[in-house]
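I have placed the structure first, in the form of structure tokens, so that the comments after it can refer back to it.
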Amino acid sequence: MKKYSFLFLLFLSLQVFGQAALIPERPSPNRLVNNLSSSGILTNNEEEQLERKLETFANQTSNQIVIVIVDDLQGMEAFQYATELGQKWGVGQKDQDNGIVILLKPLGGPGVRQLFIAPGYGLQGAIPDLATKQIRENEMYPYFKENKFYEGLDKGTDALMSLAKGEYNSDQYAPKKKGGFKLWKLILLIIVIVFYILRNNRRGGGGGLSMGTGFLLSSLLNSGGGFGGRSSSDGGGFGGFGGGSFGGGGSGGSW
Amino acid sequence: MKKGTIILGIIGFILLVSVFNGCGSYNSMVTMDEGVTAQWKQVGVAYQARMDKTKNLFEIVQSAADFEKSTLTDVMEARSKATRIQIDANNLTPEKMAEFEKAQNAFGSSLGRLMAVAENYPNLQAVQAFRDFQTQYEGMENRISTERIRFNDAAQNFNTYIRRFPKNIWARIFGFNKRAYFEAQAGAEDAPDIKKMKEAN
């Protein structure tokens, strides 16, 4: 029996330690600029500037561009790391798949340092693989070669934003209210409360809520995150990642 | 009389629970099975994109005059063979999948050889259209590899689900069978050559 339970545990752990497990967890609250590297290529101020620019863009157009800076690709190819990360974090909106992952590994010599730009499924028409190559070579590498990483990322994201804007904009996208407050719930709640006050008054007080009503009340309060809403706790300044998908598109290389 | 009622009640309860359990399992199996089929379609799209995009390649390569004819004809033959083998997403037997995969892999590795040989042709490297194709080629291979991995993941999820006790009983009753996997790709070693070559440039 013990032997089998060991085997079962081994099987479980093998399942968990797939490649996705090597990808960092998505940050809470969600952030668009994620510097997980020890390289110090961006100052705090520069990170904040990029974050604010990308947040504004995400709020205006629903397209989410994520910058991830790492020291190590965990033995994966850059395309795989970027694709799996975009998929795992759910960058972009669920129905539009309009996220972009910019993966940067700044350390190492030429050929070792890496940049990969991965658009989600929904943006591959607006940003074909060739466009990601041109953006890398024309907008980003010239700055990276001079160790001006902020300028490179700034210009690169500008170019990606101008291409992505044409595909999805705020007109086509109605922001989802995650766990939002629904008016009908409030009305129903008031009716139930008024009903009880009236009934209890007639009876002359006393008598708690019946089990059914208690259940109804609690489900009204609990369902859909109640009055608070989940998004505010996890969503960062742009409403949080929406669950977009990635299929291995884009291009990458070294400078 | 009273005892009988209690026993009947217990039997009824167990029956009810197991029927609900069976319904839940059945629905999950349908969802997961459909997920595998949907993922197969994604795999098909990725392979088809490689077919479509290589059409232009032949013109580009031929325009750069002196390219090895044998390498080019190998790719063309493998491509036309692979085009002929199409499979229905709802009828994915292991045999058909293996046949599809064999044809696609033959095409993929002959294409990989062509891209590697192309390194030795400065004429070809100088053509902008060919350099563009190199970028697209990497993207095609990346997409195929991504969708294949997802397909195997979906198939593995489904297979694990239907083979665990007690779901395996319901799976047998409802007639759900194990889904086939992709084998490890033969000739995949051709791809990194191109990567190295590109990085060196």
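Within the group A:Leu104, A:Leu50, A:Leu42, which residue is open to solvent by less than 50 Å² (accessible area, probe 1.4 Å), in contact (Cβ under 8 Å) with a residue 24 or more places away in the chain, in a loop (DSSP other than H, G, I, E, B) and away from chain B (no Cβ under 14 Å)?
So the residue among A:Leu104, A:Leu50, A:Leu42 that is open to solvent by less than 50 Å² (accessible area, probe 1.4 Å), in contact (Cβ under 8 Å) with a residue 24 or more places away in the chain, in a loop (DSSP other than H, G, I, E, B) and away from chain B (no Cβ under 14 Å) is A:Leu42.
Quick check: is even one residue across the stretch A:89-101 more than 14 Å from chain B (Cβ to nearest Cβ), assigned to a helix (DSSP H, G or I) and not acidic (Asp, Glu)?
Among the residues of the stretch A:89-101, at least one is more than 14 Å from chain B (Cβ to nearest Cβ), assigned to a helix (DSSP H, G or I) and not acidic (Asp, Glu), which makes the answer yes.
Of all the residues that make up the stretch B:110-154, how many are closer than 16 Å to A:Gly250 by Cβ and away from chain A (no Cβ under 14 Å)?
Final tally of qualifying residues: 0.
If you take the residues of the stretch A:136-155 that are open to solvent by less than 10 Å² (accessible area, probe 1.4 Å) and hydrophobic (A, V, I, L, M, F, W, C), which of them is nearest to B:Gln136 (Cα to Cα)?
The extreme case among them is A:Met140.
With (1) free of Cβ contacts under 8 Å to residues at least 60 places away in the same chain; (2) closer than 22 Å to A:Gly248 by Cα as the list, and B:Ile87 as the residue in question, which single condition is left unmet?
Every listed condition holds for B:Ile87 apart from (2).
Can you find a residue that is open to solvent by less than 70 Å² (accessible area, probe 1.4 Å) and at pLDDT below 90 anywhere in the stretch B:155-167?
Yes, there is a match, as at least one residue in the stretch B:155-167 is open to solvent by less than 70 Å² (accessible area, probe 1.4 Å) and at pLDDT below 90.
With the checklist (1) modelled with pLDDT under 95; (2) away from every other protein chain (no Cβ under 14 Å); (3) crowded, with 16+ Cβ neighbours inside 10 Å in hand, flag the one item A:Ser162 doesn't pass.
(3)
Filter the stretch A:219-239 down to the residues that are touching a Pro at 6+ places or on another chain (Cβ under 8 Å) and either at pLDDT 85 or above or within 14 Å of chain B (Cβ to nearest Cβ) (or both) and list them by number.
Of everything in the stretch A:219-239, just one residue is touching a Pro at 6+ places or on another chain (Cβ under 8 Å) and either at pLDDT 85 or above or within 14 Å of chain B (Cβ to nearest Cβ) (or both), namely A:Gly239.
So which of B:Asn56, B:Asn152 ends up being within 16 Å of the chain's Cα centre (by Cα), closer than 28 Å to A:Phe246 by Cβ and assigned to a helix (DSSP H, G or I)?
B:Asn152
For the stretch A:240-255, which residues satisfy the criterion of being part of a strand (DSSP E or B) and either at the interface with another protein chain (Cβ under 10 Å from one of its Cβ atoms) or more than 12 Å from the chain's Cα centre (by Cα) (or both)?
Within the stretch A:240-255, A:Ser251, A:Gly252, A:Gly253 qualify.
Confirm whether A:Ile67 is within 14 Å of chain B (Cβ to nearest Cβ), open to solvent by less than 40 Å² (accessible area, probe 1.4 Å), modelled with pLDDT of 90 or more and under 23 Å from A:Asp129 (Cβ atoms).
no
Report, by residue number, each residue of the stretch B:107-144 that is aliphatic (A, V, I, L, M) and either closer than 17 Å to B:Leu57 by Cα or open to solvent by 70 Å² or more (accessible area, probe 1.4 Å) (or both).
B:Leu111, B:Leu114, B:Met115, B:Ala116, B:Val117, B:Ala118, B:Leu124, B:Ala126, B:Val127, B:Ala129, B:Met140
Quick one: in the stretch A:17-39, which of the residues that are open to solvent by less than 30 Å² (accessible area, probe 1.4 Å) and polar (S, T, N, Q) is farthest from A:Gln93 (Cα to Cα)?
A:Ser37
Any idea how many residues of the stretch A:127-154 are under 18 Å from A:Glu48 (Cβ atoms) and either outside any loop (DSSP other than H, G, I, E, B) or within 14 Å of chain B (Cβ to nearest Cβ) (or both)?
6
Would you call B:Arg172 away from chain A (no Cβ under 14 Å) and farther than 16 Å from B:Thr37 by Cα?
yes
The values are calculated or read from the model by the stated rules, or taken from the named source; none is laboratory data. The structure presented is a predicted model; accordingly, all values stated were derived computationally and were not measured. Virtual Cβ from ideal backbone geometry, glycine too; neighbours counted across all protein chains shown. Ligands, DNA and RNA are excluded from the accessible area calculation, which covers all protein heavy atoms including side chains. Shrake-Rupley method; radii C 1.70, N 1.55, O 1.52, S 1.80 Å.
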